[in-house]
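Asker: First, the structure itself, so that you have it in front of you.
The values are calculated or read from the model by the stated rules, or taken from the named source; none is laboratory data. In this text the structure is predicted, and so the values were computed from the model without any measurement. For neighbour counting, all protein chains shown are included, and Cβ atoms are generated from backbone atoms with ideal geometry for every residue, glycine included.
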Amino acid sequence: MTVPLDYYIILSAFLFAIGTIGVLVSRNMIIMFMAIEIMLNAGNLALIAFSRYLRIMDGHVFVFLVMTVAAAEAGVGLAIIIAIFRNRESVNADFLNLMKW
Amino acid sequence: MEMLVFIVAAVIALASAVMVITVKNPVGSILYLLLSIMAQSVLYVMLSGLFVAAFLVLIYGGAILVLFLFVVMMLNIRYADLGVDTLGRLKPWAWVFGIVLLAELVWITMGRMTRFAGVDETFGSVPEVARLLYGKFVYPFELTSILLLAAIIGAVVMTRKGH
Amino acid sequence: MFDYLYIVPLLPLLGFVINGIFRTRLSKGVVQTLAVGSVGLSFVFSVILFFKLLGLEPEHRLVEQVLFSWIPVGSLNLDIAFLLDPLSSVMIMVVSCVGFIIHVYSIGYMAHDPGIKRFFIYMNLFMFSMLTLVMSNNLILLFIGWEGVGLCSYLLIAFWFDKKSATDAGNKAFIVNRIGDFGFLLGGFIIFWAAGTFQFTELQHIAPEAFVFGGGLVTAATLLLLFGATGKSAQIPLYIWLPDAMEGPTPVSALIHAATMVTAGVYMLVRLNFLFLMAPTTMLVTAVIGCVTAFVAATIGLAQNDIKRVLAYSTISQLGYMMMACGVAAFTAGIFHLMTHAFFKALLFLGSGSVIHALSAEQDMRRMGGLKKSLPITYKTFLVGTLAITGIPLFSGFFSKDEILWKSFSSGHGHIIFWLVGVITAALTAFYMFRLLYLTFFGEGRYDRQTAEHIHESPKVMTMPLIILAVLSFVGGWVGIPHVLRGGAWFEKFLEPVMAHIPLSGHEVHHSSSLEYALMAITFVLVLVSIYLAYYLYRKNIDKVTSLRQSMEGLYRIILNKYYVDEFYGATIVRPVVNGSIFLWKIIDVFLIDGIANGLARLVGDMSETFRRMQTGYVRAYMTVFVVGAVVVIGFLVVR
C-alpha cells in the first residue's frame, strides 16, 4: 500500500528535531555544522513530498537551489572554522566567547 | 511493499542522524551523515524525484562531505576536546525543547492522512526540472551562480595566511 | 502734532539704544551729547505738547495715541498707547525738565568716573521708562514703565558695583520694590476681573457700575495698589530701601530718588483717583500712612550725620505729604507738591553733590563747615532750596505744602489730626534742614588740611543747573497760588478735568477763608520757631548740642538707628525666608531631588549589570534561547 504524505512529513519533522538538538548539544563545531546539514535535508524531504503531492515540479527546483546554497554555506563555514582553528588551536565552540560582556 | 522500503529507509535515516551527533570520532560522524543521505535519496526516488535523488548523492556525498573530511583531516581533530561545558545549565532545556518542537511539528500534520495521486513517468525527470530551471526559475538559477562565486572568494580570503 | 506723542519717550530710548550698542566706538563727548540731548529734546517736545493741549477746550483735553495693539486675547485688549491729558502733560514736563537739568549736571559730576558712558546709558533707559510710565494709557504699560524704573534704580544704585554696600543697597531696593509690585499686580488683576479693562479712560466710565462704592472688591484692589505705591514711593512699610539708595552717585539720588521715580506711586494714585475715591477705607489708610511716614521720617532725619541721608529721609517725609494729600482727596495738591518738591529736592541733592565733590567725597556733616565762603553759588542755591522746602512764603514749597495742610484739615476726607501732625512735621522739617545748612555752610571748617586744599567751587556745568533749579524752586509755586491769597489757582484749574468728584458722605464742608489764613499763620510761626531753634543750637552754641544729646541719650539712639526697623525686618522676615531657602536647598533639593535623580540613574545601572549577565558570548547558549523562542511561537500558532 502506498505511503501517505503524513509519514513523510513526520519523518521530516523527526529529522529536523534531531538536527536542532544536535546543533545545541554538540561542542565540536564540525559536528554542529553537520547537524545543520541534517536540518536542511529535512526541509528538502518535506519539499519533495509536497511537490509530489501537489504534482508540481517547483519543489524539485527549490530543492536544487537549497542544496546549492547548502554547499556554498558549507564551504564558507568550513573556511571560517579553519581560520578560527588557526587562532585558537581548537574547534570547541565554547572558546568563541569574545561577545561576552 | 512500498511501505517496507519506506520504513527501512526511514529507520536508517533517523538512526544514522542520531549517530552523527553522538559518535565521538568526527570521521565517524561524517560517514554516518553519508549513510543518512543515502537513505534519504532512496526516499526521494520513492517520491519520483529522480533528478534530485541523484543530485543529492552527488552534491552531498561527492562535494560537501568530502569537504568536511578534508577539514577534519587537515586540522587533525580527534576526539572533541573537552572544556567547560558552557551549555551545562541549559542542556536539559535543549533536550526538552527539541522534543517539544518535534511534538509540535507532528501535531500539525496529525490526522490528515492524505494519499498521493498518480503521476506520469516524466514527473521528476531531468528534462522537467530543466524546463523549470531555465524557464520560470532562471533568475534564481543565475543568482546562485553568483552566490557560489561569492562563497568561493570568501572561502579563499578567509583562509589566506598572512592577513 | 498729537500723532507724535510717542516721540517723548522715544528719544531717550534711542539714546539708550545707540549709546548702548556703540558704547565702545563712540567718544565720551558723543555719548554725553546724545544722552543729554535726547532728554533735552524730549523736554522741548513736552512743552510743545503742553501748549497744544492748552489750545483745546478744557473738557476735551484728552488725547490718546495708540501705537499698536499688543495683546488682543479674548476679552483682553492691551495696546501700546499713550495718553496726553493735563496730568500726564504736567508729569512729562516736570520729568523731562528736571531730568535734563540733572543730565547736564552729571556731565560735570561724573566727569572723572571711568564708567561715565554706562551711567548715561542707564540714565537714558530710566528716562524712557519713567516717561512711558506717566504717558501710558493703561495700567499694564504703566507697570512696564514701573518695572523699568525699578530696574534702572537697581542698576544705578549699584553703579559702583565693586563696593559691596552699593550692590547690597541695589539688591535691597529692587527686592523691596518687587514686594510692592506683587501687590500692584494683584490689585491690577482684581480691577481687570471686575471691570474687564486696564485702560484708564474706559475704567473711569465703567468703574461706577463695576464696583460697589466702598465695597470689598474696590477696597481690596486699591489697598493692593497702595501697597505697590508704598514700595515705589518709599512709604511705610516699604521705605527701607531709600536711605540705602544713597550709595548711588548723587545725580542718581537727585533724579530717581527725589524727583521722579519715587513720585511714580503718587502719580499712580492720582491717575486712578476715581477708583480710590470709591474706597473710603483705602483713602483713610493712605492718609494715615502718608501722615505717619512723614512724621517718622522727619524724626529720623533730625539725627542723621550723613548729608545725603538727611535728604533721603526728607524725601520720604515729603512723599508722605503727597500720600496724605491723596488720602484726603486733595489729588491736585499732591501733584502740585510733587512738582515743587522735584525742583527743590533735586536742587538740594545736586547742591549736596557739589559740596561732596568739593570736599573730595566727604559726606559726613560733622566734618564740614564754613563752606559759605568757598562755595558761594552752591551756598546761595542751597539756601533757596532750603527755604523752599521749609515752606517760607513766596517760595514754591510754601504754596504746595500749605495747600496740602489746608486740604487735610478741610476736606471731606480730612481730619484735624492729619493737619496737626502735618504742621509738626513741617516744623521738624525746618529744623533738620536748617541744621543741615548751618552744619555744612557755617561755622568753622571741621575738615582736615588735605581736603581744605582741594576745595573749589564746582564748574559751570554743575552750577548752572543749580541756578536754574533755584529759580524754579522760587517761582515754581506761583502757578498754584490759591484764591485766598488772591491768586488764580491756575494749577488746580488745569488739572481739574482729570479728577473725579465723589464726595464721602454726601455733604461738602465749606470753611471760611479766615480759617485758612489762621492755619497758614500757625504753620508759619511754628516753622520760624524751629528755624530759630536750629540757629540757636547749630549756629551760635554748637557745643550745647553734645550736652543736649547726652541728656536725651536713649531717644537719640533710637532715632539715630532709624527705630531699628531694618533690624526688625531682618529678624522677622529676612531670617525666616533665608532659613526656609536653606532648608529647601539642603534638604529638598540636594537630598530629595538629587537623591531621586541619582538614585534612578543608579537603579538603571544596577539593572543593566544584572542584564549584562545574559551576554555570555557563547553561541550555544544563544542558539538554545533562540530555539526556545521559536518553539514557543510555533506553539502559539499550533494552539490557535
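Asker: Across segment C:35-52, what is the number of residues that are surrounded by fewer than 22 Cβ atoms within 10 Å (Cβ to Cβ) and aliphatic (A, V, I, L, M)?
Answerer: Final tally of qualifying residues: 4.
Asker: Can you pull out the residues in segment B:1-50 that are within 7 Å of chain A (Cβ to nearest Cβ), more than 15 Å from B:Ile64 (Cα to Cα) and either in contact with a strand residue (DSSP E or B) (Cβ under 7 Å, 6 or more places away or on another chain) or not in a helix (DSSP H, G or I) (or both)?
Answerer: B:Leu47, B:Ser48, B:Gly49
Asker: Is it the case, given these coordinates, that B:Ile99 is over 27 Å from A:Phe62 (Cβ atoms), modelled with pLDDT of 75 or more and under 23 Å from the mean Cα position of the chain (by Cα)? Outline the logic, then answer.
Answerer: Working: over 27 Å from A:Phe62 (Cβ atoms): yes; modelled with pLDDT of 75 or more: yes; under 23 Å from the mean Cα position of the chain (by Cα): yes.
Criteria met by B:Ile99.
Rundown of residues vs (1) crowded, with 24+ Cβ neighbours inside 10 Å; (2) modelled with pLDDT of 90 or more, yes/no style:
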position	(1), (2)
C:Lys232	yes, no
C:Ile236	no, no
C:His257	yes, no
C:Met261	yes, no
C:Val266	yes, yes
C:Pro280	no, no
C:Val285	no, yes
C:Val288	no, yes
C:Ala297	yes, yes
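Asker: Given C:Thr624, C:Thr610, which one is exposed (fewer than 12 other Cβ atoms within 10 Å of the Cβ), within 14 Å of chain A (Cβ to nearest Cβ), within 30 Å of B:Leu101 (Cβ to Cβ) and more than 60 Å from the chain's Cα centre (by Cα)?
Answerer: Values: C:Thr624 fails: exposed (fewer than 12 other Cβ atoms within 10 Å of the Cβ).
Result of the check over C:Thr624, C:Thr610: C:Thr610.
Asker: Still on this model: For segment A:74-88, name all the residues that are within 14 Å of the chain's Cα centre (by Cα) and either more than 7 Å from chain B (Cβ to nearest Cβ) or of a type in the set (Asp, Glu) (or both).
Answerer: A:Gly77, the sole residue that qualifies.
Residue-by-condition table, conditions (1) surrounded by 21 or more Cβ atoms within 10 Å (Cβ to Cβ); (2) modelled with pLDDT of 90 or more:
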| residue | (1), (2) |
| --- | --- |
| B:Ser48 | yes, no |
| B:Phe51 | yes, yes |
| B:Leu56 | yes, yes |
| B:Val66 | no, yes |
| B:Leu75 | no, no |
| B:Arg78 | no, no |
| B:Val84 | no, no |
| B:Arg89 | no, no |
| B:Pro92 | no, no |
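Asker: For segment C:13-54, give me each residue that is closer than 18 Å to C:Leu125 by Cβ and of a type in the set (Gly, Ala, Ser).
Answerer: The answer is C:Gly15, C:Gly20, C:Ala35, C:Gly37, C:Ser38, C:Gly40, C:Ser42.
Asker: So C:Thr201 passes all but one of these: (1) assigned to a loop (DSSP other than H, G, I, E, B); (2) out of contact with any helix residue (DSSP H, G or I) (no Cβ under 9 Å at 6 or more places or on another chain). Which condition number does it fail?
Answerer: (1)
Asker: Across segment B:145-163, what is the total count of residues that are among the polar types (S, T, N, Q) and either more than 7 Å from chain A (Cβ to nearest Cβ) or not in a helix (DSSP H, G or I) (or both)? Please lay out each step first, then the result.
Answerer: At the first step, the residues of segment B:145-163 found to be among the polar types (S, T, N, Q) are B:145, B:159.
Okay, now just the ones that are also either more than 7 Å from chain A (Cβ to nearest Cβ) or not in a helix (DSSP H, G or I) (or both), so B:145.
Number of matching residues: 1.
Asker: Kindly indicate which of A:Ile9, A:Ile18, A:Ile48, A:Ile38 is in contact with a Gly (Cβ under 9 Å, 6 or more places away or on another chain), part of a helix (DSSP H, G or I), over 30 Å from A:Phe85 (Cβ atoms) and in contact (Cβ under 8 Å) with a residue 12 or more places away in the chain. If you could, list the steps in order and put the result at the bottom.
Answerer: Values: A:Ile9 fails: in contact with a Gly (Cβ under 9 Å, 6 or more places away or on another chain); A:Ile18 fails: over 30 Å from A:Phe85 (Cβ atoms); A:Ile38 fails: over 30 Å from A:Phe85 (Cβ atoms).
None of the others qualify; the one that does is A:Ile48.
Asker: Regarding segment B:129-144, can at least one residue be identified that is touching a residue at least 60 places away in the same chain (Cβ under 8 Å) and either at the interface with another protein chain (Cβ under 7 Å from one of its Cβ atoms) or in a helix (DSSP H, G or I) (or both)?
Answerer: From segment B:129-144, those touching a residue at least 60 places away in the same chain (Cβ under 8 Å) are B:129; that's our starting set.
Narrowing further to those that are either at the interface with another protein chain (Cβ under 7 Å from one of its Cβ atoms) or in a helix (DSSP H, G or I) (or both): B:129.
Within segment B:129-144 (the criterion being touching a residue at least 60 places away in the same chain (Cβ under 8 Å) and either at the interface with another protein chain (Cβ under 7 Å from one of its Cβ atoms) or in a helix (DSSP H, G or I) (or both)), the answer is yes, since at least one residue qualifies.
Asker: Of all residues in segment C:53-66, which are surrounded by 16 or more Cβ atoms within 10 Å (Cβ to Cβ) and either without any contact (Cβ under 8 Å) to a residue 60 or more places away in the chain or assigned to a loop (DSSP other than H, G, I, E, B) (or both)?
Answerer: First pass over segment C:53-66, keeping only residues surrounded by 16 or more Cβ atoms within 10 Å (Cβ to Cβ): C:53, C:61-65.
Within segment C:53-66, C:Leu53, C:Arg61, C:Leu62 qualify.
Asker: Going by the structure shown, is A:Met29 surrounded by 20 or more Cβ atoms within 10 Å (Cβ to Cβ) and either more than 7 Å from chain B (Cβ to nearest Cβ) or modelled with pLDDT of 90 or more (or both)? Talk me through it step by step, then tell me what you get.
Answerer: Numbers: surrounded by 20 or more Cβ atoms within 10 Å (Cβ to Cβ): yes; either more than 7 Å from chain B (Cβ to nearest Cβ) or modelled with pLDDT of 90 or more (or both): yes.
So A:Met29 passes the test.
Asker: If you check B:Ile64 against the conditions, is it within 9 Å of chain A (Cβ to nearest Cβ), in a helix (DSSP H, G or I) and under 17 Å from A:Asn44 (Cα atoms)? I'd like the intermediate steps shown before the answer.
Answerer: Numbers: within 9 Å of chain A (Cβ to nearest Cβ): yes; in a helix (DSSP H, G or I): yes; under 17 Å from A:Asn44 (Cα atoms): yes.
So B:Ile64 passes the test.
Asker: Hey, could you check segment C:67-89 for residues that are touching a residue at least 24 places away in the same chain (Cβ under 8 Å) and among the aliphatic types (A, V, I, L, M) and say which is farthest from C:Ser129 (Cα to Cα)?
Answerer: The extreme case among them is C:Leu76.
Asker: Right, here's the next one. Hey, C:Thr250 hits all of (1) under 24 Å from the mean Cα position of the chain (by Cα); (2) under 29 Å from C:Leu62 (Cα atoms) but one; which does it fall short on?
Answerer: Condition not satisfied by C:Thr250: (2).
Asker: Given the options C:Lys373, C:Lys407, name the one that is in a helix (DSSP H, G or I), free of Cβ contacts under 8 Å to residues at least 24 places away in the same chain, out of contact with any strand residue (DSSP E or B) (no Cβ under 6 Å at 6 or more places or on another chain) and of a type outside the set (Ser, Thr, Tyr). Write out each step before concluding.
Answerer: Numbers: C:Lys407 fails: free of Cβ contacts under 8 Å to residues at least 24 places away in the same chain.
Selected residue: C:Lys373, the only one of C:Lys373, C:Lys407 that is in a helix (DSSP H, G or I), free of Cβ contacts under 8 Å to residues at least 24 places away in the same chain, out of contact with any strand residue (DSSP E or B) (no Cβ under 6 Å at 6 or more places or on another chain) and of a type outside the set (Ser, Thr, Tyr).
Asker: Which of the following residues is modelled with pLDDT under 90, within 25 Å of B:Phe141 (Cα to Cα) and either surrounded by fewer than 21 Cβ atoms within 10 Å (Cβ to Cβ) or more than 7 Å from every other protein chain (Cβ to nearest Cβ) (or both): A:Leu40, A:Leu98, A:Leu54, A:Leu47?
Answerer: Values: A:Leu40 fails: modelled with pLDDT under 90; A:Leu98 fails: within 25 Å of B:Phe141 (Cα to Cα); A:Leu47 fails: modelled with pLDDT under 90.
Just a single option satisfies the conditions, and that option is A:Leu54.
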